[in-house]
Amino acid sequence: MRCKCGNLELGYDIENKIFYCKNCKSKVDILPEKLVNAAMYLVQKETVNSINNSNLNELNKIRSSLDDFDTQIKEKVQHKLKNDAIEILTKLKTNQELHEIDRDVLRYFLVGDVEYYVKEDVSGVIRNIKKTLESIKYYSKSEDVVALSKLRAFLKDLKNNLGIISTYLEAKERIEIFEKNINNIEANRKMLIYVLEQKLKP
Ligand SMILES: [Zn+2]
């Protein structure tokens, strides 16, 4: 992944969704099979660099490109599972039984992104939330400027941590709904057909 000018440093242009050379600024074409690799290399490098150099601008850039990279990976997974998913769709439509392997494909196809996420341990985040709530309780007794300013900081902290928990709960909910449906295919056959058809739309 070297630019024509010989430079190796790549950047990602969010607006145009392209990789570019950090030296000559020209677009760098990347083979589809190397796309995820290039994106993940950039994520690792730019994250460390922006943190090490306390570069807010670079940090925000990499942060806002994460959704694009996630979409690229998601599309890749769906592409890899497409043929299997079409087969499963046919089975569902013709009232055939789904095998264990079909269920696994469906699982990756529909909730694969959150399956690993819910296995993450969020107990540390919950502990931090409880600590923040203790602090809020303490500082809300007084209304001087110092206490009020601290309260604002704690609310910001709380908001960040609640964001993590809500992402976790959303993931958990999606898995639970998936499990419920897959364990009762007869009752949910129509719905599964609909969901698959939507997902398989070009
Ligand atoms: Zn270049």
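Every number here is computed from the coordinates shown, using simple stated rules; none is lab data. Here the structure is a predicted model, which is why all the values come from computation and not from measurement. Virtual Cβ from ideal backbone geometry, glycine too; neighbours counted across all protein chains shown.
Structural remarks
- For region 65-98 versus region 109-134, the spacing of their alpha-carbon centroids is 26 Å.
- Among the chymotrypsin sites (Phe, Trp or Tyr not before Pro) in region 117-202, none is located in a DSSP loop while being surrounded by at most 11 other Cβ atoms within 10 Å of its own Cβ.
- 14 Å reach of a label modelled at Asn49, 7 Å along Cα-to-Cβ, counting backbone N of region 1-15: 3, 7-13
- Checking every one of the GluC sites (Glu not before Pro) in region 42-124 against DSSP loop status and a limit of 14 other Cβ atoms within 10 Å picks out Glu97, Glu120.
- Cross-link pairs beyond the 20 Å C-alpha cut-off, checked among Lys74/Lys199; Lys119/Lys190; Lys76/Lys199; Lys119/Lys180: Lys119/Lys190
- Normalised contact order of region 1-61, rounded percent, pairs of Cα under 8 Å and 6 or more residues apart: 20
- Considering only alpha-carbon pairs that sit under 8 angstrom and 6 or more positions apart, the relative contact order computed for the chain is 15 percent.
- Added length on full extension, which subtracts the Cα-Cα distance from 0.36 nm per residue, Asn7 to Lys76: 22.1 nm
- Normalised contact order of region 78-173, rounded percent, pairs of Cα under 8 Å and 6 or more residues apart: 28
- Anisotropy class of region 97-202 from Cα gyration tensor, a/c 1.5 cut: prolate
- Counted residue by residue at 0.36 nm each, then reduced by the alpha carbon distance between them, the extension gain from Tyr117 to Arg152 reaches 9.6 nm.
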